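The values are calculated or read from the model by the stated rules, or taken from the named source; none is laboratory data. Not measured: the values here are computed from a predicted model. Reconstructed Cβ throughout: ideal geometry from the backbone, glycine too, with neighbour counts over all protein chains shown.
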Amino acid sequence: MPDQLTYLDHAATTPVLPEVIAAVAEEMARLGNPSSLHTTGRAARRVVEESRESIAEHLGCRPSEIVFTSGGTESDNVAIKGTWLARTTADPQRTRILVSGIEHHAVLDSVEYLVKGHDAQVTFLEPGTDGVVQPDTVRAALEADPTSAALVSVMWANNEVGTVQPVAEIGAVAREFGVPFHTDAVQALGQVPLALDEHPADLVTLTGHKIGGPLGVGLLVAGRDQQPVPLSHGGGQERQIRSGTLDTPAIAGLAVAVRHAVTHQAELATRLVTLRDRLIEGALALDPSIEVTGAWTPGDGIHRLPANAHLRVPGCDGDSLLYLLDAAGVQCSTGSACQAGVPQPSHVLLAMGIDEADARGALRLSLGHTSTEADVDAFLAALPAAVERARRARAASTGRAG
């Protein structure tokens with residue numbers, strides 16, 4: 001194993017901030033169930049509510065709109081399933097979900113569950129080759145049958161290729177038709193401005209561990225007029241939307257992480273854009289056949305996440321590249337999902353019109369608050385040998401060796 005590891009997979013999870021660790025440890029040393037009425041319970045409840053108020057202040061929403069969850073996956077499930085069930089119960093004609101083809105599986109699998117188990121209808125909002133879902137695409141889909149739409153869901157920023165969507169415009173279209181708009185903003189928080197009071201989103205998914213917060217805690221921002229049907233039942237905590245004893249230490253840590261993410265967003269974005277562009281330009285200089293997936297303009301941290309570099313390497317399998325880079329001490333991810341042990345091309349890349357062969361040779365390199373110039377240097381130093389060996393392996397497996 002190499003003496004030093006280079007971590008370029010911050011989109012998967014990012015190191016916990018020291019101040020978050022301190023806040024979590026402090027609360028873990030205290031006794032108290034925030035649903036209890038006695039002194040220790042009230043003290044725990046005070047921590048939860050003060051955290052809620054701090055998060056709301058930094059996100060630009062009301063404290064009453066914040067529903068604490070276990071993370072992005074649960075928030076997406078509640079938003080999609082719960083909202084669809086609420087809408088179709090109120091109006092049986094409202095059975096259709098409008099969703100982009102590049103969503104996280106937490107959204108897509110929730111939609112599939114409703115289609116298979118509840119006869120929901122789905123209209124896929126396909127992106128362009130740059131990965132952007134245009135507002136006119138949403139408008140056309142709503143105009144085709146406005147009375148059947150129950151929900152629109154388009155993610156704020158894509159977790160694989162880093163494309164930032166025009167969520168303000170898409171939300172405005174959905175609101176014009178009176179349809180709730182959900183956006184998964186897990187990857188966006190801390191990288192791009194996220195003032196929710198300036199965006200017409202009814203439901204917003206966020207999580208802690210992408211911004212230096214704890215694993216296992218997140219939130220759903222649900223507008224006051226949104227009342228998704230609960231997916232779990234019990235004590236009725238969190239507006240009757242999400243039952244369960246609240247994790248006071250994790251929520252305290254989440255509040256610290258959100259404050260840090262919002263406060264330092266601009267300076268972090270500037271630093272990460274510089275590192276990202278150097279990484280991409282360095283890779284292209286080493287091998288001009290490498291392609292950048294999605295929209296990329298050097299210096300731009302608005303249309304593409306500042307931390308995201310997604311490369312496609314012709315003649316390689318992404319999994320081979322991943323393992324070879326890992327052996328060289330560089331940790332990253334591929335653009336493919338592995339289901340039941342069988343590598344599959346990324347649904348995101350396929351939805352963008354990239355053919356299966358090209359989609360298999362993808363690498364996602366994602367930066368974060370601990371990333372340095374040395375990390376970029378390490379990747380660029382390890383890349384040529386990894387590409388050469390991965391290409392030899394692909395050629396051998398397809399019978400073209402020698």
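Going through E19, E27 one at a time, which residue ends up being in contact (Cβ under 8 Å) with a residue 24 or more places away in the chain and surrounded by 15 or more Cβ atoms within 10 Å (Cβ to Cβ)?
Working: E19 fails: surrounded by 15 or more Cβ atoms within 10 Å (Cβ to Cβ).
None of the other options fit; the residue is E27.
Restricting attention to the stretch 142-178, which residues are buried (at least 22 other Cβ atoms within 10 Å of the Cβ) and assigned to a loop (DSSP other than H, G, I, E, B)?
V154, M155, W156, N158, N159, E160, V161, G162, Q165
Considering every residue within the stretch 226-237, establish whether at least one is at pLDDT 95 or above, assigned by TED's automatic domain parsing to the domain that holds R96 and under 16 Å from the mean Cα position of the chain (by Cα).
Taking every residue of the stretch 226-237 in turn, none turns out to be at pLDDT 95 or above, assigned by TED's automatic domain parsing to the domain that holds R96 and under 16 Å from the mean Cα position of the chain (by Cα).
Tell me the residue from L125, L215, L206, L194 that is closer than 21 Å to G72 by Cβ, in contact with a Phe, Trp or Tyr (Cβ under 9 Å, 6 or more places away or on another chain) and either surrounded by 19 or more Cβ atoms within 10 Å (Cβ to Cβ) or touching a residue at least 60 places away in the same chain (Cβ under 8 Å) (or both), please. Full working, then the answer.
Numbers: L125 fails: in contact with a Phe, Trp or Tyr (Cβ under 9 Å, 6 or more places away or on another chain); L215 fails: in contact with a Phe, Trp or Tyr (Cβ under 9 Å, 6 or more places away or on another chain); L206 fails: in contact with a Phe, Trp or Tyr (Cβ under 9 Å, 6 or more places away or on another chain).
Every option except L194 fails the conditions.
With the condition kept exactly as written, say whether any residue in the stretch 352-372 is over 24 Å from the mean Cα position of the chain (by Cα) and either surrounded by fewer than 24 Cβ atoms within 10 Å (Cβ to Cβ) or at positive phi (or both). Full working, then the answer.
First pass over the stretch 352-372, keeping only residues over 24 Å from the mean Cα position of the chain (by Cα): 357.
Of the ones still in play, those that are also either surrounded by fewer than 24 Cβ atoms within 10 Å (Cβ to Cβ) or at positive phi (or both) are 357.
Yes, there is a match, as at least one residue in the stretch 352-372 is over 24 Å from the mean Cα position of the chain (by Cα) and either surrounded by fewer than 24 Cβ atoms within 10 Å (Cβ to Cβ) or at positive phi (or both).
Looking at E126, E112, E103, which one is of a type in the set (D, E, K, R), closer than 29 Å to A359 by Cβ and modelled with pLDDT under 95?
Testing whether each residue is of a type in the set (D, E, K, R), closer than 29 Å to A359 by Cβ and modelled with pLDDT under 95 leaves just E126.
Can you say whether D197 is over 16 Å from the mean Cα position of the chain (by Cα), part of a helix (DSSP H, G or I), of a type outside the set (A, V, I, L, M) and at pLDDT below 95, as far as the supplied structure shows?
Working: over 16 Å from the mean Cα position of the chain (by Cα): yes; part of a helix (DSSP H, G or I): yes; of a type outside the set (A, V, I, L, M): yes; at pLDDT below 95: yes.
For D197, the condition - over 16 Å from the mean Cα position of the chain (by Cα), part of a helix (DSSP H, G or I), of a type outside the set (A, V, I, L, M) and at pLDDT below 95 - is met.
Answer yes if at least one residue in the stretch 214-223 is hydrophobic (A, V, I, L, M, F, W, C) and not assigned by TED's automatic domain parsing to the domain that holds G131, and no otherwise.
Our first condition is that a residue be hydrophobic (A, V, I, L, M, F, W, C); within the stretch 214-223, this holds for 215, 217, 219-222.
Cutting the leftovers down to not assigned by TED's automatic domain parsing to the domain that holds G131 gives us none.
Taking every residue of the stretch 214-223 in turn, none turns out to be hydrophobic (A, V, I, L, M, F, W, C) and not assigned by TED's automatic domain parsing to the domain that holds G131.
Given the structure, is G162 assigned by TED's automatic domain parsing to the domain that holds A86, in contact (Cβ under 8 Å) with a residue 60 or more places away in the chain and in contact with an Asp or Glu (Cβ under 8 Å, 6 or more places away or on another chain)? Walk me through how you get there before you give the answer.
Numbers: assigned by TED's automatic domain parsing to the domain that holds A86: yes; in contact (Cβ under 8 Å) with a residue 60 or more places away in the chain: yes; in contact with an Asp or Glu (Cβ under 8 Å, 6 or more places away or on another chain): no.
So G162 fails the test.
Among G178, G162, G171, which is the only one that is more than 17 Å from the chain's Cα centre (by Cα) and at positive phi?
Only one candidate passes the filter, namely G178.
When the stretch 355-381 is examined, which residues are found to be closer than 16 Å to D9 by Cα and among the hydrophobic types (A, V, I, L, M, F, W, C)?
Pass one, the stretch 355-381, residues closer than 16 Å to D9 by Cα: 362-380.
Those that are closer than 16 Å to D9 by Cα and among the hydrophobic types (A, V, I, L, M, F, W, C): A362, L363, L365, L367, A374, V376, A378, F379, L380.
Considering every residue within the stretch 42-64, establish whether at least one is more than 15 Å from G253 (Cα to Cα), free of Cβ contacts under 8 Å to residues at least 40 places away in the same chain and basic (K, R).
Taking the stretch 42-64 first, the residues more than 15 Å from G253 (Cα to Cα) are 42-43, 57, 59-64.
Keeping just the survivors that are free of Cβ contacts under 8 Å to residues at least 40 places away in the same chain gives 42-43, 57, 63.
Next, only the ones that are basic (K, R) stay: 42.
So far as the stretch 42-64 goes, yes, one or more of its residues are more than 15 Å from G253 (Cα to Cα), free of Cβ contacts under 8 Å to residues at least 40 places away in the same chain and basic (K, R).
Checking the condition crowded, with 18+ Cβ neighbours inside 10 Å and either at pLDDT below 95 or assigned to a helix (DSSP H, G or I) (or both), which residue from A386, A381, A401, A396 passes? Please lay out each step first, then the result.
Details: A381 fails: crowded, with 18+ Cβ neighbours inside 10 Å; A401 fails: crowded, with 18+ Cβ neighbours inside 10 Å; A396 fails: crowded, with 18+ Cβ neighbours inside 10 Å.
Within the list A386, A381, A401, A396, the selection yields A386.
Take the conditions over 24 Å from T13 (Cα atoms) and surrounded by 20 or more Cβ atoms within 10 Å (Cβ to Cβ) and apply them to G82. Does it pass? Show your work before the answer.
Values: over 24 Å from T13 (Cα atoms): yes; surrounded by 20 or more Cβ atoms within 10 Å (Cβ to Cβ): yes.
Considered against the rule, which asks whether it is over 24 Å from T13 (Cα atoms) and surrounded by 20 or more Cβ atoms within 10 Å (Cβ to Cβ), G82 comes out as yes.
When residues of the stretch 303-321 are filtered for being in a helix (DSSP H, G or I) and buried (at least 22 other Cβ atoms within 10 Å of the Cβ), how many remain?
At the first step, the residues of the stretch 303-321 found to be in a helix (DSSP H, G or I) are 318-321.
Checking which are buried (at least 22 other Cβ atoms within 10 Å of the Cβ) leaves us with 318, 320-321.
Of the residues in that region, 3 qualify.
Any idea how many residues of the stretch 128-149 are among the β-branched types (V, I, T) and touching a residue at least 60 places away in the same chain (Cβ under 8 Å)?
Matching residues across the stretch 128-149 total 2.
Could you list all residues from the stretch 265-295 that are under 19 Å from the mean Cα position of the chain (by Cα), at pLDDT 95 or above and either outside any helix (DSSP H, G or I) or within 17 Å of L349 (Cβ to Cβ) (or both)?
If the condition is that a residue be under 19 Å from the mean Cα position of the chain (by Cα), at pLDDT 95 or above and either outside any helix (DSSP H, G or I) or within 17 Å of L349 (Cβ to Cβ) (or both), then T293 is the only one that fits.
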